[in-house]
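Okay, so here's the structure we're looking at.
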Amino acid sequence: MTEAAIRKKPGMASVKDMPILQDGPPPGGFAPVRYARRIPTKGPSAMAIFLTAFGAFSWGMYQVGKGNKIRRALKEEKYAARRAILPVLQAEEDERFVKEWKSYLEYEAEVMKDVPGWKVGENVYNSGKWMPPATGELRPEVW
């Protein structure tokens with residue numbers, strides 16, 4: 001748009017001919033300017049957050065305690081089962097040992113038959129105590 005249409009005058013010869021229009025506040029004034037830091041109070045309070053976290057932690061610890069009781073009971077059941085079958089396993093091992101020991105004594109008698117004064121099965125250490133072999137094998141097949 002042209003100046004003539006805005007001012008509703010046919011035209012101007014000079015700027016001085018323009019009517020003076022001064023800007024000012026609107027009637028009733030401007031709205032107040034917010035310069036203070038205003039943080040909205042949205043969401044739960046600190047106490048609500050604390051109580052929720054404490055409740056979740058307490059519930060978790062309760063669940064851990066329940067799990068520990070169950071785990072302890074299962075462990076005790078496993079140990080009770082092992083204690084119950086221990087005599088059977090020991091008897092089987094004793095039977096295997098006696099069989100292997102007899103075989104070993106026969107082998108020793110055969111190998112040492114030409115050595116004078118050799119007593120089959122006698123402890124060469126003369127400690128007076130009988131000790132079972134540490135490895136569980138009397139005669140390893142592969143050296």
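The values are calculated or read from the model by the stated rules, or taken from the named source; none is laboratory data. A quick note: this is a predicted structure, and the numbers were derived from the prediction, not measured. Glycine also receives a Cβ, built like all others from the backbone with ideal geometry; neighbour counts cover every protein chain displayed. Please note that ligands, DNA and RNA were not included when accessible areas were found on the heavy atoms of the full protein model with its side chains. Shrake-Rupley method; radii C 1.70, N 1.55, O 1.52, S 1.80 Å.
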Problem - Compactness of the stretch 14-130 as Cα Rg over 2.2 N^0.38 Å, two decimals - result: 3.57
Completion exercise
Rounded to the nearest 10 Å², the accessible area of Arg38 using a 1.4 Å probe with every protein chain kept is 150 Å²
Exercise for the section: Round to the nearest 10 and report in Å² the accessible area of Ile39, as given by a 1.4 Å probe over the protein chains' heavy atoms. Expected result: 110 Å²
Fill in the blank from the handout: Among chymotrypsin sites (Phe, Trp or Tyr not before Pro) in the stretch 34-106, those in a DSSP loop whose Cβ has at most 15 other Cβ atoms within 10 Å are Tyr35
Handout entry: Value of Rg/Rh across the stretch 82-132 [Cα atoms, Kirkwood radius]
Key = 1.15
Problem - Full-stretch length increase - Val88, Leu51 - with 0.36 nm per residue and alpha-carbon distance subtracted - result: 7.7 nm
Fill in the blank from the handout: Here the stretch 75-86 yields Karplus 3J(HN,Hα) values (6.51, -1.76, 1.60; θ = phi - 60°; whole Hz; Gly and Pro given as x) of 5, 5, 5, 5, 5, 5, 5, 5, 5, 6, 8, 4
Problem - Gain upon complete extension [Val98, Gln63; 0.36 nm per residue less C-alpha separation] - result: 7.4 nm
